[in-house]
Amino acid sequence: METRITILCDNSISRSGFVGEHGFSCLIERGDEKYLFDTGPGRSLPLNLETLNMDLKGLKRIFISHGHYDHTGGLPWAVQQVGEIEVVAHPAVFSRHMVMDPAAPDKPPRYIGCPVSREELERSGAIFRFMDHTVEAAPGVWFVTGIDRDPDKAPKDPRLAVPKGNGFVQDFIEDDASLLIETDGAPVLILGCAHAGVLNILEYLRTKMGIDRLRAILGGTHLMFYGPEDLPGVIKEFERFSVDLVGVSHCTGFQAAVELSNHFGDRFAAASAGKTFTF
Ligand SMILES: [Fe+2]
Ligand SMILES: [Fe+2]
C-alpha cells in the first residue's frame, strides 16, 4: 500500500505559496484513509492545506506527538473541520508544560502547552484515546510512546519545566510520542519533536520492536539540543538503520541539518511545508 506524507506545518517552506511557522504537522494518506500527525501552532495549517488544494474531509484520526502549543495549536480548527474525530495522544498531553527564559531565570516560566482544554476540544468533537504505551493505533500506523529514557541519549533542554509543589522541575515531556508507519519495504519513522531523544527512540525501535531498518526518518529530530560532538553518533545510528531518507523539520536546527545533508547527500531532504514524500 502506498503511503503519502505531506508536510503541512514546518518552520520553513518548500516553495512560495506556503507559510512557515514554528511547529510541525503532516498529513498521512494510505489507501482510502488519511490521518493528521500534529497540527502546528494553528495559523499555517489551513493556509498550507489551501495552497495544496487539500482539506481534512474524511480524516480518520489525529495523532498528537506531545502537548506543546507548536504541535497542538491547530487542534481546535482541525477538529472543527471534521466534527467527531478520534485524537490519539499520551495521557500527559495536557500537562502544564512551561518554558523558562534562560536570559532571565528570575522571571516566572511561561506556559507553552496546549492552548485549549480537553473539555473544549471534546465539546467540538474530539474523542480522546489516551495511550501511555506503544500501540498499532490504525492499520499499519504505530503510536510509539512510553519509551525508556537514557539521559545520555536525550537532548539537553533545561529550559523546559513543569510545576511541582511550590516550584518547578525539569519537564522531560513524558507525553512525547512518534509514529512508525509500515510500508511495503521497511517502516517510516515520523518524529514530532523527539523530546525523548531520537537516539532513545531508535534504541526502543530496535530492542522493543525488533526493527533494524528504516525507510525514512522524517520530522522534528530535536538535534538542535544535542551538542555538535553528539552528531557523529546520531549519524552512525541513522546509518545502522540503513535509512534511505533523512527528511528533517522543525527543531533539527540549521547546524545539524547541514551536517546531515553533508553526510547523507541524496538521502537528505528538508521536510518543509508543502513537501510530499511517497513510500
Ligand atoms: Fe516540544
Ligand atoms: Fe516542537
By the mean-Cβ-within-10 Å protection proxy, highest first, 48-59, 88-99 rank as 88-99, 48-59
State log₁₀ I(q)/I(0) for region 149-272 at q = 0.20, 0.21 Å⁻¹ as given by the Debye formula over alpha-carbon point scatterers of equal weight, solvent excluded. -1.12, -1.23
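Using mean Cβ contacts within 10 Å as the protection proxy, how do 257-266, 31-40 order, highest first?
Details: 257-266: 15.0, 31-40: 22.0.
Put in order of decreasing packing, that is 31-40, 257-266.
What FRET efficiency do you get for ASP132 and LYS164 if R0 is 22 Å and r is their Cβ-Cβ distance, rounded to the nearest 0.05? Write out the running numbers ahead of the final one.
Values: r = 19 Å, r/R0 = 0.88.
With a Förster radius of 22 Å, E is 0.70.
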Mind listing the Cα extents of the chain along all three principal axes, in Å, largest one first? 49, 45, 39
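DSSP beta bridges in region 78-209, what fraction antiparallel, as a percent rounded to 5?
Details: 20 of 25 bridges.
Here the antiparallel bridges make up roughly 80 percent for region 78-209.
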Suppose R0 equals 41 Å. What FRET efficiency, 1/(1 + (r/R0)^6) with r the Cβ-Cβ distance, do ASP55 and SER117 give to the nearest 0.05? 0.95
Mean Cβ neighbour count within 10 Å, used as a protection proxy, ranking 139-151, 176-188 highest first: 176-188, 139-151
With no solvent and one equal point scatterer per Cα, compute the Debye intensity ratio I(q)/I(0) for region 144-199 at 0.22 Å⁻¹ and report its log10, rounded to two decimals. -0.89
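Which value, in nm² and rounded to one decimal, describes the direction-averaged projected area of the C-alpha convex hull of region 26-92?
Numbers: hull surface 17.4 nm².
Averaging across all directions leaves 4.3 nm² for the Cα convex hull.
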Helix-only [θ]222 nm of the chain, DSSP H runs n ≥ 4, -39500 (n - 2.57) each, per residue, nearest 500: -6000 deg cm²/dmol
Restricting to bridges with both residues inside the chain, how much of the DSSP beta-bridge set is antiparallel, in percent to the nearest 5? 60 percent
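Any read-out appearing in this document is the output of simple, stated calculations on the displayed coordinates, not a laboratory observation. Worth saying up front: this structure is predicted, and the values here are computed from it rather than measured. A quick note on method: Cβ atoms are made from the backbone with ideal geometry, for glycine too, and the neighbour counts reach across all protein chains shown.
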